[in-house]
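Okay, so here's the structure we're looking at.
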Amino acid sequence: MHETSDFFLPRWRPVASAVLCAAGLLVLVSLAVPAGNAAWREVDRSVFLLLNGMLAEGGGWVTFWAWANYRPVDLLSALLLLGFLVLPGPVFRPDELRRALFGFLALVVLGLVVRQSLDEVAELLGLVGPSPSLLYEPAYRLSELVPELATKDHSKESFPGDHAAVLLTWAFYLLARGIGPGSLAALAVAFLLMLPRLVAGAHAISDVLVGGVFVATLTMGLGYCSPYHGRAAAWLAARLTPLIDWFGRNIPGLAWFSFFRVSGSE
């Protein structure tokens, strides 16, 4: 497990903030300039035809990816992400769990602001367009191949990838706590959970590697690398700790979980 750190201290990290924000801006510029845009669109096309082309085999393979893109299944993904934040061991110690969850939720709120700002910029730069499943042929659409499932396989405006932005923010957040087996596993999980949208063609690879990375890096650069993260985590923990403790005391079985048993303010 990691040694004690200043992870939750509300302080500025100017160098890390500058690097993260610069990285996000650079990937966005790479899509905005004409030569870069043309290169990204060719990559989008090639990746889509490769991944979506796997659906040509039909059978159980198609059913698997249809279920992977079934919206209610996203709840299972959310529970997996939550597990890294509320269960001790993979990344956080028991006494850190509440602040870890609240800190991440605060970053998600900031990420919504960053994402909305990117929407405005993307419209101005002409980066918004239909998903690969509506743009390239041949396209094997899961909504047609497995019509009984309400799968997400297209979008009229697929940039940026919201799903990818949340997953990458989550993975970067855990990596910021420390590079180890747990955080590296989280990064792998993030990329695996992004695959279904890419296979279905609901998002292009640039939606992930440009749009998702932009939102995640700026959220971390402006949120985690500033006092915002530490202060928001402490503020939420101070106000919600009595309620969480009440659940732990009064609902059978919850006290087994460190999240409900150990105060996040310790």
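Only one of 159, 172 is open to solvent by 20 Å² or more (accessible area, probe 1.4 Å) and under 30 Å from residue 100 (Cα atoms). Can you tell me which? Before the answer, list the steps.
Working: 159 fails: open to solvent by 20 Å² or more (accessible area, probe 1.4 Å).
When all the criteria are applied, what remains is 172.
Tell me which residues, restricted to region 222-255, are open to solvent by less than 40 Å² (accessible area, probe 1.4 Å), hydrophobic (A, V, I, L, M, F, W, C) and outside any helix (DSSP H, G or I).
Of everything in region 222-255, just one residue is open to solvent by less than 40 Å² (accessible area, probe 1.4 Å), hydrophobic (A, V, I, L, M, F, W, C) and outside any helix (DSSP H, G or I), namely 225.
Does residue 27 meet the test of being of a type outside the set (Lys, Arg), touching a helix residue (DSSP H, G or I) at 6+ places or on another chain (Cβ under 6 Å) and at pLDDT 90 or above?
Judged against the criteria, residue 27 is a match.
Within region 1-18, work out how many residues are part of a helix (DSSP H, G or I) and surrounded by 14 or more Cβ atoms within 10 Å (Cβ to Cβ).
2
Listed here are the residues, each with its yes/no results for (1) in contact with a Phe, Trp or Tyr (Cβ under 6 Å, 6 or more places away or on another chain); (2) in a helix (DSSP H, G or I); (3) surrounded by fewer than 24 Cβ atoms within 10 Å (Cβ to Cβ); (4) in contact (Cβ under 8 Å) with a residue 12 or more places away in the chain.
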site	(1), (2), (3), (4)
184	no, yes, yes, no
189	no, yes, yes, yes
198	no, yes, yes, yes
207	yes, yes, no, yes
215	no, yes, no, yes
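Just one of 188, 200 is in contact with a strand residue (DSSP E or B) (Cβ under 7 Å, 6 or more places away or on another chain) and at negative phi; which is it? Step through it out loud before you land on a result.
Values: 188 fails: in contact with a strand residue (DSSP E or B) (Cβ under 7 Å, 6 or more places away or on another chain).
After ruling out the rest, the residue left standing is 200.
Within region 148-166, identify whether any single residue is without any contact (Cβ under 8 Å) to a residue 24 or more places away in the chain and either in contact with a Phe, Trp or Tyr (Cβ under 6 Å, 6 or more places away or on another chain) or under 21 Å from residue 73 (Cα atoms) (or both), and answer yes or no.
yes
Within region 19-46, which residues are open to solvent by 70 Å² or more (accessible area, probe 1.4 Å), of a type in the set (A, V, I, L, M) and over 16 Å from residue 213 (Cα atoms)?
Passing the criteria: only 35.
Tally up the residues in region 54-78 that are among the hydroxyl-bearing types (Ser, Thr, Tyr) and in a helix (DSSP H, G or I), please.
The total comes to 2.
Suppose we filter region 127-152 for residues that are modelled with pLDDT under 90, part of a loop (DSSP other than H, G, I, E, B), under 24 Å from the mean Cα position of the chain (by Cα) and not hydrophobic (A, V, I, L, M, F, W, C); how many remain?
Looking only at that region, the number is 2.
The values are calculated or read from the model by the stated rules, or taken from the named source; none is laboratory data. Because the structure is predicted, anything quoted here is derived from the model rather than measured. A quick note on method: Cβ atoms are made from the backbone with ideal geometry, for glycine too, and the neighbour counts reach across all protein chains shown. Calculation scope for accessible area: heavy atoms of the full protein, side chains included, ligands and nucleic acids excluded. Shrake-Rupley method; radii C 1.70, N 1.55, O 1.52, S 1.80 Å.
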